[in-house]
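Structure, as structure tokens:
The values are calculated or read from the model by the stated rules, or taken from the named source; none is laboratory data. Since we're looking at a predicted model, the values are computed, not measured. Positions of Cβ are backbone-derived with ideal geometry, glycine not excepted, and every protein chain shown enters the neighbour counts.
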């Protein structure tokens with residue numbers, strides 16, 4: 001099986017998973033966090049080098065205060081737990097998004113794990129928190145202006161170097177769970193030539209078998225890159 005170098009995932013369906021079972025929304029998010037841990041392990045086992053997941057978008061702030069507060073606490077806890085789990089493993093952690101918009105506990109946890117894992121050379125796990133594709137492109141444009149680059153020196157490679165994912169290659173495969181078939185602002189620049197895979201499976205129910213289904217579908221496609 002030809003394993004993609006970089007897999008990106010829009011983890012959708014936590015709330016619907018909970019609703020179907022008559023459970024509070026928080027339980028869906030909690031189960032979704034457990035799924036992410038397992039999928040990260042599966043990616044490492046399969047030899048995938050980069051995993052980028054959409055954890056919290058810039059639009060998610062519009063949800064109820066109770067849900068947002070719970071998500072922030074859950075993210076902070078999950079990052080601490082993840083840090084402990086990978087302590088002796090060759091895994092690098094990176095944030096994709098605007099860290100300044102997050103609470104102090106979450107910022108501290110993110111900076112700590114990023115610093116401790118920065119020289120790891122195995123699987124890179126990019127967590128998109130307080131992230132939006134348009135916001136990222138706006139950020140890149142501002143950085144280009146701040147560096148006083150000449151118009152003739154700006155090309156696609158220049159833009160890519162100022163994106164928040166500059167340390168990772170573009171995704172080969174983008175998976176969205178939960179049945180919806182849209183990008184929702186995720187990695188708008190980076191997925192220009194990614195293979196897109198949509199599944200009705202809700203994120204808490206996504207597992208290694210479902211991941212391998214997506215990879216097999218990826219193997220059956222011919223990537224032309226516009227040629």
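Considering segment 81-98 alone, what residues qualify as being over 17 Å from the mean Cα position of the chain (by Cα) and surrounded by 16 or more Cβ atoms within 10 Å (Cβ to Cβ)?
The one that is over 17 Å from the mean Cα position of the chain (by Cα) and surrounded by 16 or more Cβ atoms within 10 Å (Cβ to Cβ): 86.
Please specify each residue of segment 46-66 satisfying the condition of being within 21 Å of residue 186 (Cα to Cα) and assigned to a helix (DSSP H, G or I).
58, 59, 60, 61, 62
Check whether at least one residue in segment 10-28 is assigned to a strand (DSSP E or B), modelled with pLDDT of 95 or more and either in contact with a helix residue (DSSP H, G or I) (Cβ under 6 Å, 6 or more places away or on another chain) or under 23 Å from residue 126 (Cα atoms) (or both), and report yes or no.
Yes, segment 10-28 has at least one match.
With the requirement that a residue be within 24 Å of residue 159 (Cβ to Cβ), over 15 Å from the mean Cα position of the chain (by Cα) and not in a loop (DSSP other than H, G, I, E, B), what does segment 182-223 give you?
195 - this is the single residue of segment 182-223 that is within 24 Å of residue 159 (Cβ to Cβ), over 15 Å from the mean Cα position of the chain (by Cα) and not in a loop (DSSP other than H, G, I, E, B).
Among the listed residues 31, 59, 67, identify the single one that is surrounded by fewer than 14 Cβ atoms within 10 Å (Cβ to Cβ) and touching a residue at least 24 places away in the same chain (Cβ under 8 Å).
Of the residues listed, the single one that is surrounded by fewer than 14 Cβ atoms within 10 Å (Cβ to Cβ) and touching a residue at least 24 places away in the same chain (Cβ under 8 Å) is 59.
Which of the helices (runs of 4 or more DSSP H) contained wholly in segment 99-181 include at least 3 residues that are surrounded by 21 or more Cβ atoms within 10 Å (Cβ to Cβ) and without any contact (Cβ under 8 Å) to a residue 40 or more places away in the chain?
Once the helices (runs of 4 or more DSSP H) in segment 99-181 are filtered for at least 3 residues that are surrounded by 21 or more Cβ atoms within 10 Å (Cβ to Cβ) and without any contact (Cβ under 8 Å) to a residue 40 or more places away in the chain, what remains is 104-117.
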